[in-house]
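Here's the structure we're looking at; comments come further down.
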Amino acid sequence: MEHIISVTLENKSGALSRVAGLFSGRGFNIESLSVAPTLDPSMSMMTLVTSGDDRIIEQILKQLNKVIDVIKVVDLNESDFVERETALIKVHTKPEDRAEALRIADIFRANVVDSSPTSYTIEVTGDVKKVEAIIQLLQPLGIKELVRTGRIAIAREPVRAASSHARPVAKAT
Amino acid sequence: MQLSGAEIFVESLKREGVKIIFGLPGGVVLKIFDVLHQQKDIQLILTRHEQGAGHMAEGYAKATGRPGVALITSGPGMTNVITALADAYMDSVPIVCFSGQVPTALIGNDAFQEADNVGLSRPCTKYNFLVKDVNDLAQTIKEAFYIASTGRPGPVLVDIPKDVSMNKTSFKYPDSVYIRGYNPTYEGSKWKIKQAAEAIMKSRRPILYVGGGVIFSGASEELRELAEMSHIPVDMTLMALGAFPGDHPLSLGMLGMHGTYAANMAIHYSDLVIAVGARFDDRVTGKVSEFCPHAKIIHIDIDPTSIRKNIHVDIPIVGDCKRVLRELNNVLRTTVNGDQKELRKPWWDQINAWKAEHPLRYEQPADGRIKPQYLIDRLYHLTKDRDPIVATDVGQHQMWTAQFFKLTSPRTWLTSGGLGTMGFGFPAALGAQAAFRNRLVLCIAGDGSIQMNSQELATAVVEKLPVKVFIISNQFHGMVRQWQDLFYEGRYAASYLHQFPDFVKLAEAYGAVGLRIQTPNEVDDGIREALSIDRPVFVDVPVDQFENCYPMIPAGGCNHEMLLQDPPELRERQAVGLKSQQEGKDRILTA
Ligand SMILES: Cc1ncc(C[n+]2csc(CCOP(=O)(O)OP(=O)(O)O)c2C)c(N)n1
């Protein structure tokens, strides 16, 4: 099963490669990974999308915790979360396709962020389903280039006081 | 006062209580060696290869419990020490390795002898550092020793560029460390410990499965109390030997691939496995799906990733073995009701039957070739009163030593478990001898393995480290030959070593003493003679070439299905195999 894991880590050289090395060294999947500094510039926040059965996910969480540069690990699947991804899509447009490209962008509430006589660059943000759907629709027009940020996610605040929180996994060793 | 990086290095190590550094110099660490040379508090032992330095640091750490220190140069010095780092990582040995690096301005330029030391060592160290500024050096060294020796111990690398060792700054050694991402759990959950105690009281067929963690945490006393109080048999992993006395009536010896029959049967048929500081390695579990089919499993370990990594665990307890066992004993002491000995009597009757059915055994004919087990058995009996430190290399001789040399105290056993590093034994023994000049340190080596670090004979002689090395000369990579006998129809691909070199002459060439024991009736006198010499000794012991190590659980097999002796047709096949090897040799020599 797919899991989205958010990892707070030291914002210093080497920290990212320790996490990446852990995944490659132990044969865990990484489907996507995005990372950037947090409000506190000494830390980065990484969102990792991975998959595996319960036993593998348990190992991934523990192994992440074991990395000394990792400060906190949260398996977002343990609660409700919001996820987003942004894609920049450069579409080839023949004159007769230009209106169609704009129409598709409009349906997905995507923005045209650059245009040339033969292309549009469309920026779309949403969950994975939405990003994949627009890509599928634009494909027949001819996608020249595609860049995706990878998914980022954050836990939802509970609506009622008693609802469940994403639990941080105990940090040790 | 302003100190150079090299001076800060030395001052910091003094603050950490370091007495000995094992190392080998090179251009970018010369400044550090120069400063070391001008002081007396820390002894510098020059090794002849950086792998030797790494294993000596390991031997030192395993024998003393304090971090071992190695100091090596950039590039090839670093790549040479990698094996020792990987070995220490697998076996949780606290060592701190300092590597030289090209000057910061040249990093990334493919400078002379540049290597990405931090990148190379990342997957085989617990943590590593590149020090870019001399102002960070003292803090980094403090953190390195702290990380290496706390939690689950392990190797740490500190990479020091040349300019950092030359630059000056004021020195202040930090009193304490705080690393926000590193907080090992030492206390076990009280609630879980209570559950474990209940399970133990209810169990009719419990077994303690003990690993190296008991030694690192110094939990031997607590372990013994638990075993004795509740009459629980003790199985030890290769790494745990010495954690519990091998000659104790509750000890079943080693378990796993070459474990004793009783140890493997008992864990297979137990109803409760109490794993302490062990990690369910595949050499112990055999086929995972059929491991301990009837048992509930309690797992005590300081490393949460060890728990449920490959085996389902019913009662996981994350914490330091010593503290958890102490608490567990407290609970048991106050709540045990009824006679545990009586409750466990049928279990012990069964275990004693297994012990009697297939004890460890060998037959030494009076006039035949020396059996390797006989040599080890005699060495054990002739030295056990001296509580020796015993190192081994990797192969059959290692397994026989584990079986026959019944160690009784922790930190007397130096062997490479997880990585299985041939060439580990001799330098590890030297590291231990450097720490304990007056103790008896033995190394039981294979004629294959010893050649991987025999250059350290020079270190032994120059540093006056009187390690006694017994080389079990079977002219084969014996363990490989055993697998070829059993699983490759006796085709000895690249396992025959011929009779090279002459180990007596090799020792003499280095100024050490070389002896040879040829026949069974020379064994005792030969051992006594070696022990009487206060210098490093190589004792070459030509043994029966075809002896195989049993019991054996074939890789991926099940723990209760052990091979106990050679299949009947083996001797014939071995003779054919040897003949073809020797003919091959003749071709080489006459060509
Ligand atoms: C560095 C290294 N290379 C290869 C191996 C694979 N290997 C395991 S045991 C063994 C043979 C060891 O031979 P020897 O040291 O003579 O010991 P014996 O088994 O004969 O007692 C080999 C080659 C290893 N463990 N380590």
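The values are calculated or read from the model by the stated rules, or taken from the named source; none is laboratory data. Worth saying up front: this structure is predicted, and the values here are computed from it rather than measured. Using ideal geometry, Cβ is built from the backbone for each residue, glycine included, and neighbour counts are taken over all protein chains shown. These area figures cover heavy atoms from the full protein model, side chains too; ligands, DNA and RNA do not enter into them. Shrake-Rupley method; radii C 1.70, N 1.55, O 1.52, S 1.80 Å.
Taking the stated definitions as given, is B:Gln545 among the polar types (S, T, N, Q) and open to solvent by 90 Å² or more (accessible area, probe 1.4 Å)? Even if it seems obvious, please write down each step before you answer.
Details: among the polar types (S, T, N, Q): yes; open to solvent by 90 Å² or more (accessible area, probe 1.4 Å): no.
Judged against the criteria, B:Gln545 is not a match.
Please enumerate the residues belonging to the range B:454-481 that are within 15 Å of the ligand (Cβ to nearest atom), farther than 19 Å from B:Pro501 by Cβ and either of a type in the set (Ser, Thr, Tyr) or open to solvent by less than 10 Å² (accessible area, probe 1.4 Å) (or both).
Listed by number, the list holds a single entry, B:Arg481.
Only one of these conditions is not met by A:Ser79: (1) within 14 Å of chain B (Cβ to nearest Cβ); (2) at pLDDT below 95; (3) closer than 15 Å to A:Ile4 by Cβ. Which number is it?
Of (1) within 14 Å of chain B (Cβ to nearest Cβ); (2) at pLDDT below 95; (3) closer than 15 Å to A:Ile4 by Cβ, only one is false for A:Ser79: (1).
For the list (1) of a type outside the set (D, E, K, R); (2) over 27 Å from the mean Cα position of the chain (by Cα); (3) within 20 Å of B:Ile376 (Cβ to Cβ); (4) within 13 Å of the ligand (Cβ to nearest atom), I need the number of the one condition that B:Ile444 fails.
With respect to (1) of a type outside the set (D, E, K, R); (2) over 27 Å from the mean Cα position of the chain (by Cα); (3) within 20 Å of B:Ile376 (Cβ to Cβ); (4) within 13 Å of the ligand (Cβ to nearest atom), B:Ile444 is out only on (2).
Being more than 12 Å from the ligand (Cβ to nearest atom) and of a type in the set (A, V, I, L, M, F, W, C) is the filter here, so list the residues in the range B:482-496 that pass it.
B:Leu486, B:Phe487, listed by residue number.
Would you say B:Arg323 is of a type outside the set (A, V, I, L, M), over 18 Å from B:Ile517 (Cβ atoms) and out of contact with any Leu (no Cβ under 8 Å at 6 or more places or on another chain)?
yes
For the range B:263-291, what are the residues that are charged (D, E, K, R) and in a helix (DSSP H, G or I)?
Hits for the range B:263-291 are B:Asp282, B:Arg283, B:Glu290.
Out of all the residues in the range A:3-15, which are modelled with pLDDT under 95 and of a type outside the set (Gly, Ala, Ser)?
A:Lys12 - this is the single residue of the range A:3-15 that is modelled with pLDDT under 95 and of a type outside the set (Gly, Ala, Ser).
Taking only the range A:11-36 into account, find how many residues are within 14 Å of another protein chain (Cβ to nearest Cβ) and either within 17 Å of the chain's Cα centre (by Cα) or assigned to a loop (DSSP other than H, G, I, E, B) (or both).
11
Among the numbered conditions (1) in a helix (DSSP H, G or I); (2) closer than 25 Å to B:Gly242 by Cα, tell me where B:Met78 comes up short.
Here B:Met78 clears every test but (2).
From B:Asp485, B:Asp447, which residue is closer than 26 Å to B:Gln565 by Cβ and modelled with pLDDT of 95 or more?
B:Asp447
Check whether at least one residue in the range B:67-90 is in contact with a Lys or Arg (Cβ under 9 Å, 6 or more places away or on another chain), within 21 Å of B:Leu430 (Cα to Cα), of a type outside the set (Ser, Thr, Tyr) and surrounded by fewer than 24 Cβ atoms within 10 Å (Cβ to Cβ), and report yes or no.
no
Which numbered condition trips up A:Ile107, out of (1) of a type in the set (Val, Ile, Thr); (2) away from chain B (no Cβ under 11 Å); (3) touching a strand residue (DSSP E or B) at 6+ places or on another chain (Cβ under 9 Å)?
Unmet condition: (3).
Condition check: within 14 Å of chain A (Cβ to nearest Cβ), out of contact with any Leu (no Cβ under 6 Å at 6 or more places or on another chain) and buried (at least 17 other Cβ atoms within 10 Å of the Cβ). Does B:Gly211 satisfy that?
Numbers: within 14 Å of chain A (Cβ to nearest Cβ): no; out of contact with any Leu (no Cβ under 6 Å at 6 or more places or on another chain): yes; buried (at least 17 other Cβ atoms within 10 Å of the Cβ): yes.
No, not satisfied.
Could you say which residue among B:His560, B:His498 is in contact (Cβ under 8 Å) with a residue 40 or more places away in the chain, at positive phi and open to solvent by 30 Å² or more (accessible area, probe 1.4 Å)? Working first, answer last.
Numbers: B:His560 fails: at positive phi.
Criteria check complete, one pass: B:His498.
Looking only at residues in the range A:54-76 that are assigned to a strand (DSSP E or B) and within 14 Å of chain B (Cβ to nearest Cβ), which one is most open to solvent (accessible area, probe 1.4 Å)?
A:Lys72
Before we move on, is B:Gln499 within 16 Å of the ligand (Cβ to nearest atom) and under 19 Å from B:Pro568 (Cα atoms)?
no
Would you tally the residues in the range B:406-420 being within 15 Å of the ligand (Cβ to nearest atom) and either open to solvent by 10 Å² or more (accessible area, probe 1.4 Å) or within 14 Å of chain A (Cβ to nearest Cβ) (or both)?
Residues meeting the conditions: 4.
Open to solvent by less than 10 Å² (accessible area, probe 1.4 Å) and not assigned by TED's automatic domain parsing to the domain that holds B:Ala61, is that true of B:Tyr182?
Details: open to solvent by less than 10 Å² (accessible area, probe 1.4 Å): yes; not assigned by TED's automatic domain parsing to the domain that holds B:Ala61: yes.
So B:Tyr182 passes the test.
Restricting to the range B:318-343, name every residue that is open to solvent by less than 30 Å² (accessible area, probe 1.4 Å) and within 12 Å of chain A (Cβ to nearest Cβ).
Answer for the range B:318-343, where residues must be open to solvent by less than 30 Å² (accessible area, probe 1.4 Å) and within 12 Å of chain A (Cβ to nearest Cβ): B:Gly319, B:Asp320.
Can you name the condition, by its number, that A:Met1 falls short on among (1) surrounded by fewer than 18 Cβ atoms within 10 Å (Cβ to Cβ); (2) within 14 Å of another protein chain (Cβ to nearest Cβ)?
A:Met1 satisfies all of (1) surrounded by fewer than 18 Cβ atoms within 10 Å (Cβ to Cβ); (2) within 14 Å of another protein chain (Cβ to nearest Cβ) except (2).
Condition check: within 30 Å of A:Pro117 (Cβ to Cβ) and without any contact (Cβ under 8 Å) to a residue 40 or more places away in the chain. Does A:Ala36 satisfy that?
It is false that A:Ala36 is within 30 Å of A:Pro117 (Cβ to Cβ) and without any contact (Cβ under 8 Å) to a residue 40 or more places away in the chain.
Which of the residues belonging to the range B:458-468 are assigned to a helix (DSSP H, G or I) and over 12 Å from B:Ala429 (Cβ atoms)?
Hits for the range B:458-468 are B:Ala458, B:Val461, B:Val462.
Can you run down the residue pairs with Cβ atoms below 8 Å, 6 or more apart or on separate chains, where the first is in the range B:354-370 and on the phi < 0 side of the Ramachandran plot and the partner is of a type in the set (Lys, Arg) and assigned to a loop (DSSP other than H, G, I, E, B)?
B:Tyr362/B:Lys371; B:Glu363/B:Lys371; B:Gln364/B:Lys371
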